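See below for the structure under consideration.
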Amino acid sequence: MRTLKNISLIGFGTALSHGIAAITMPALTRLYAPEAFTDWAIFVSIALIFSGVATMRFELAMVLPKDRKTAAAIGLGSIGIALVASVFAGFILWIGGPLILEGNTEKSFGLLGLLLSFCVLTAAIFQIALAWYTREATFKEYALAQFALQTTIIFGQLISAALGQRTGIGLILGLVGGQTLCVCALVLNLWKKFRSELLFENKAQFIRHTLFAYRQYPLYMTPYTLVGALRDRLVYFLLGRYGGTDAAGFYTVATRLLNIPNSLVSGTLRPILFQQAARAHHSSLENPILITCRALGIVSVLFLSPCVAQATWFAQLVLGEKWGNAGPYITALSIPMIGLLMGNWLDRMFDVLGRQRMALTLQVIFSILAMTGLIGGYLVFQDLLVAVWIQSGMLTIYYFAWLGIFFYIAGFKISRLLVVILEILAVGSIALAIDLELTVFLPPAGAFVVAVLLSSLVASLYGYKAWLPIIKGTLNSRRVIQPSEH
């Protein structure tokens, strides 16, 4: 029951944060033009590339030590590394900004470099704080931190617009200001509660010794994260340079809109699973993982189907009339979103299994294929949308292949996963066929409402059937789940 309580706590906080994001997105897209989101997307892409590796991923190891002193040493060492990385990131943007951002010398790269440094550092500290909350199983604070971050950023961007700054700089200022405010509050809270653990003798020497002991994380997880960030963010640079002033904005908002369910699911389930798997044998998690994958896959295809069938109308309804061109990107990005929803919350399991090298190998191979498909698609067809479709196909293969390899390494039954994938494909095909047929006989609004109602009915019936055993005992592994046969 504690697991269910933790999921409820994180789920409530994450749902609130992403609920605010979903509610305020139509306001932001009406306050800021697609061109503003293009500038913001490129800045965020640079920030994510640096912030993803700013700690050299040492914070992932904070869950493992039994004593707080060692975990605190990892956290403090990670902050020191992140500080150096943030200064380096700001310097790179200040010096190389004209080359990175289309050679536009009108931009204030000194200001952008400073903002980037703050963004990278605060993002790294935020991840370190979440890692500490995960190891301490204080999921109430974890959920509150996620909610506070999303809320402060969004309100910062709304305040920037209210003050008349409705360009990309307004979105960037809102992001950095809100993130900095949230992180300062987290640091004060952690210092108040764990001051004694953070103040220990021989600090520098102990930190160096501890970081060396967990050196597998920078060796494997840093390149893993970097390659993934480059794969996901390359498209923004291509769209920003070759797709016009608004193409990256359309892609960005389409991605943010579709990623809300994935962020909700991953933010809710990942820390719970990682914390449990680090303290129990992973074989006891086979049934819950499989049941959750099936539920996520079926529910996602049921609700993505109406959006795909009327992507342009859906984009204009949610985002505003000027955002209709985001529709084709919604269609293309919906396909890999199914596999991402099913497996993204499991991404720390390779750490638990001690197979970081395998995770890195998979990431590198498929990221190279995805980036090659994106660049090659554009060079061959001279059409960025076709290139995005090719990349989406590569990512879809990657997400499902990743799930299959994970099941194999964990000793789970791959045949059960294949049955689930075929079941999801069948449900998705039937749902899309029905939704497309509705567009022939009904106007857009009527077809969309009927499709969503049908999806809701089927999802509710399936959800009740699938989730009931989890609540009654599937998650209570002591009573129900037995280790799978190897």
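The values are calculated or read from the model by the stated rules, or taken from the named source; none is laboratory data. The shown structure was predicted, so the numbers you read here are calculated from the model rather than taken from an experiment. Methodologically, a virtual Cβ is constructed for each residue, glycine included, from the backbone with ideal geometry; neighbour enumeration extends over all protein chains shown.
The table that follows gives values for the structure above.
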quantity	calculated
So Thr222, is it buried (at least 20 other Cβ atoms within 10 Å of the Cβ), part of a helix (DSSP H, G or I) and among the β-branched types (Val, Ile, Thr)	no
Every residue from the stretch 352-369 that is out of contact with any Ser or Thr (no Cβ under 9 Å at 6 or more places or on another chain) and either surrounded by 15 or more Cβ atoms within 10 Å (Cβ to Cβ) or assigned by TED's automatic domain parsing to the domain that holds Met62 (or both)	Val352, Leu353, Arg355, Gln356, Met358, Ala359, Leu360, Leu362, Val364, Phe366, Ser367, Leu369
Restricting the stretch 292-321 to residues that are in a helix (DSSP H, G or I) and of a type in the set (Gly, Ala, Ser), the residue that is farthest from Tyr32 (Cα to Cα)	Ala295
The stretch 142-175, residues that are surrounded by fewer than 19 Cβ atoms within 10 Å (Cβ to Cβ) and within 20 Å of the chain's Cα centre (by Cα)	Thr151
Considering residues of the stretch 92-123 that are within 24 Å of Glu59 (Cβ to Cβ) and β-branched (Val, Ile, Thr) only, the residue modelled with the lowest pLDDT	Ile92
Failed condition for Thr222, given (1) over 24 Å from Val63 (Cβ atoms); (2) hydroxyl-bearing (Ser, Thr, Tyr); (3) modelled with pLDDT of 80 or more	(1)
Number of the exception - Thr138 against (1) touching a Phe, Trp or Tyr at 6+ places or on another chain (Cβ under 8 Å); (2) more than 30 Å from Gly113 (Cα to Cα); (3) surrounded by fewer than 20 Cβ atoms within 10 Å (Cβ to Cβ)	(1)
Unmet requirement for Ser460, which otherwise passes all of (1) surrounded by fewer than 13 Cβ atoms within 10 Å (Cβ to Cβ); (2) under 30 Å from Met358 (Cβ atoms); (3) out of contact with any helix residue (DSSP H, G or I) (no Cβ under 8 Å at 6 or more places or on another chain)	(2)
Single residue of the stretch 295-334 satisfying the filter (of a type in the set (Ser, Thr, Tyr) and farther than 24 Å from Glu423 by Cα) that is modelled with the highest pLDDT	Tyr329
Qualifying residues in the stretch 190-212 (those that are surrounded by 15 or more Cβ atoms within 10 Å (Cβ to Cβ) and within 19 Å of Thr122 (Cβ to Cβ)) - the one nearest to the chain's Cα centre (by Cα)	Leu190
